[in-house]
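Presented below is the structure to which this report refers.
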Amino acid sequence: MPTLPLLTLPADDAAADAPRVVAAPGGYQWWYFEALDPVADLRVTVMLFDGNPFYPQYLRRYAWYRRYPTKLAPPVPLEYPGVMVRVCEKGKVVRRTMRADAPGACHATDGAVRVSGDGFSTMADGSLRLTIAGTLDLTFRPRQTAVAPTVQELARGVSVLEPHGWVIAHPACAVEGSVTLRDRAAQFSGLGYQDQNFGAEPVHLAARRWYWACAWLGDAAHVVAEVVPRHGQSRGVRLIGSTELATALRGER
C-alpha cells in the first residue's frame, strides 16, 4: 500500500531556513525572529507558522482525529498557517497579535517564507528582510560564524519516529529598519537572532514543559532552553552562547 512521508527533509537538512515538507497530522514548522534595539529599548518577536501547534482549533481537531481516525479527516499543517507578532517598548507590550490565516496561505521556499504576504526573503548578500504590513520592516544581517547550522533534536517523537527538530540558523545578526509603535514609526538599530522549529506531531505530545529565552550580552545572543518530556526527566537546561553555541551546533552535547 503506498504511503505518504510525514516529514520530508531538504537535501541539506541543516541548511539555514530550508523548509521541511510536513504532511503529518498535527505537524508544524515555524520560523522565529527576535530583535533588540538596546538604545531605543525596543524588542520585536515574530513567528511565521506552517501549521500553528498552539492554535486551539488545530489541537482539538487532532485530538478528535486520534480518537476516530477512520471517520475524520486528519488535520494537516497547510490548513493552519499563521503569524505571531509582539513589539515591546521600554518593557511594555505595545503590539501583540496571533493571526490565523486561510488554509494554504503559507508559501515556503529555500529563500523566502510568506504567510498571506507577510514574511521574509533572503537577499543576494545573505541578509533576511522581514516585513509585516503596517508593523515592521527589518533587515537581519547575519554575522559570520565558523560553524554552519546543524539540526538539533529538541525532543523525541512520541506518536511518530521523527524527532522534533530545532535549527539555530542565524544566532547573531545586526538588525536595521523601522517598527510602527501605535501612532508613529520608530527607527530600529540593534541585534537579532533567528531559528526554525519543526515536528511531525503536536509539541505537547512530546513535552509537558518547554522553556526558551534569549538575551544579549555584548553583541552576542545567548539562549537558554529546557524541554521536559511527557515521560522521564528533563535532559537539562542548555545554555547556548558564544563557545557553547559552536559546541551545540556541532552536536557535541
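Throughout, read-outs are computed from the coordinates displayed, never taken from laboratory work. Quick caveat: nothing in here was measured; it's all calculated off a predicted structure. Every residue, glycine among them, receives a Cβ derived from its backbone with ideal geometry; neighbour counts consider all protein chains shown.
Select from segment 62-111 the residues that are in contact with a Ser or Thr (Cβ under 6 Å, 6 or more places away or on another chain) and not small (Gly, Ala, Ser) and list them in ascending order. Give the derivation first.
Here is the first cut: in segment 62-111, the residues in contact with a Ser or Thr (Cβ under 6 Å, 6 or more places away or on another chain) are 85-86, 101, 105, 111.
Those that are in contact with a Ser or Thr (Cβ under 6 Å, 6 or more places away or on another chain) and not small (Gly, Ala, Ser): Val85, Arg86, Asp101.
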Quick check on my filter: what residues within segment 126-140 are free of Cβ contacts under 8 Å to residues at least 40 places away in the same chain and over 14 Å from Asp17 (Cβ atoms)? Thr131, Ala133, Thr139
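Take Pro69 and decide whether it is more than 23 Å from Ala185 (Cα to Cα) and either buried (at least 16 other Cβ atoms within 10 Å of the Cβ) or within 20 Å of the chain's Cα centre (by Cα) (or both).
Details: more than 23 Å from Ala185 (Cα to Cα): yes; either buried (at least 16 other Cβ atoms within 10 Å of the Cβ) or within 20 Å of the chain's Cα centre (by Cα) (or both): no.
So Pro69 fails the test.
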Test Glu201 against the criterion of being assigned to a loop (DSSP other than H, G, I, E, B) and of a type outside the set (Phe, Trp, Tyr), and give yes or no. yes
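So which residues in segment 180-194 are assigned to a strand (DSSP E or B) and not aromatic (Phe, Trp, Tyr)? Reasoning before the result, please.
Taking segment 180-194 and keeping what is assigned to a strand (DSSP E or B), we get 180-181, 184-194.
Answer for segment 180-194, where residues must be assigned to a strand (DSSP E or B) and not aromatic (Phe, Trp, Tyr): Thr180, Leu181, Arg184, Ala185, Ala186, Gln187, Ser189, Gly190, Leu191, Gly192, Gln194.
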Checking the conditions here, which among Tyr62, Tyr58 is out of contact with any helix residue (DSSP H, G or I) (no Cβ under 8 Å at 6 or more places or on another chain), part of a helix (DSSP H, G or I), surrounded by 13 or more Cβ atoms within 10 Å (Cβ to Cβ) and not charged (D, E, K, R)? Tyr62
Filter result (within 19 Å of Pro38 (Cβ to Cβ) and surrounded by fewer than 20 Cβ atoms within 10 Å (Cβ to Cβ)) within segment 186-210: Ala186, Gln187, Ser189
Across segment 41-55, the tally of residues that are more than 24 Å from Phe140 (Cβ to Cβ) and not in a loop (DSSP other than H, G, I, E, B) stands at 0
Find the strands (runs of 3 or more DSSP E) located wholly in segment 73-179 whose residues include 3 or more that are crowded, with 20+ Cβ neighbours inside 10 Å, and list them. 81-89, 118-122, 128-132, 136-142, 151-155
